1. Please list, ordered by first then second residue, the pairs with beta carbon atoms under 9 Å, 6 or more apart or interchain, first in region 71-95 and farther than 15 Å from Phe42 by Cβ, second outside any helix (DSSP H, G or I).
2. Is it fair to say Ala54 is surrounded by 14 or more Cβ atoms within 10 Å (Cβ to Cβ) and either assigned to a helix (DSSP H, G or I) or of a type in the set (D, E, K, R) (or both)?
3. Please enumerate the residues belonging to region 72-107 that are crowded, with 17+ Cβ neighbours inside 10 Å and not in a helix (DSSP H, G or I).
4. Kindly indicate the residue of region 19-37 that is open to solvent by less than 70 Å² (accessible area, probe 1.4 Å) and of a type in the set (Ser, Thr, Tyr) and also farthest from Asn94 (Cα to Cα) among those meeting that condition.
5. Return the residues of region 108-133 that are open to solvent by less than 50 Å² (accessible area, probe 1.4 Å), under 13 Å from the mean Cα position of the chain (by Cα) and closer than 20 Å to Phe32 by Cβ; say none if nothing qualifies.
6. Please work out if Gly40 is open to solvent by less than 60 Å² (accessible area, probe 1.4 Å) and part of a loop (DSSP other than H, G, I, E, B).
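The values are calculated or read from the model by the stated rules, or taken from the named source; none is laboratory data. Keep in mind the model is a prediction, meaning the values are calculated, not measured. Please note: Cβ atoms are built from the backbone with ideal geometry, for glycine as well, and neighbour counts cover all protein chains shown. For the accessible areas, the whole protein counts, side chains as well, though only heavy atoms, and no ligand, DNA or RNA atoms are used. Shrake-Rupley method; radii C 1.70, N 1.55, O 1.52, S 1.80 Å.
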Amino acid sequence: MKCNITYRVLVCGIVLFFAYTLANKLLNLISFELNIAKTGLFHPMHIKYVAYGALAFECVSIVGLLVKERVGLWLSLSMMATFSIYIVILHLLNRYEICGCGGILNGLSFTTHLAINIGIIIILTYLLKKNETI
């Protein structure tokens, strides 16, 4: 199996990025839940389920990248596509305020947030394509 340094660096970068955003959401769980509640898309009784579901999906994606890389890449791509659709819907409904991912990402505008998501989707697509040849 060939080892591509660019591929490895990108996978590690994605893992670190997701771990960073997951840690920030966990450390500021109430704020994360409040950001979800402020959208008005979910019944108040379902906010915790949505928050914990998103956190679990992110955690499973990270573990997948570390344990079963190809599965992790597909999970990560699915997660980022779903989350991008979510913020586009919020934007179209005039309910997107600021990014609630936490840390240095907190407070991003819609355009910046979507651009970062699209960048990550492009990287994940590249990694999936490269994974076929490794």
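1. Listed by first residue and then by second, the contacts come to Val88/Tyr96.
2. It is true that Ala54 is surrounded by 14 or more Cβ atoms within 10 Å (Cβ to Cβ) and either assigned to a helix (DSSP H, G or I) or of a type in the set (D, E, K, R) (or both).
3. Of everything in region 72-107, those that are crowded, with 17+ Cβ neighbours inside 10 Å and not in a helix (DSSP H, G or I) turn out to be Tyr96, Cys99, Gly100, Cys101, Gly102.
4. Among those that are open to solvent by less than 70 Å² (accessible area, probe 1.4 Å) and of a type in the set (Ser, Thr, Tyr), it is Thr21.
5. Across region 108-133, the qualifying residues are His113, Leu114, Asn117, Ile120.
6. yes
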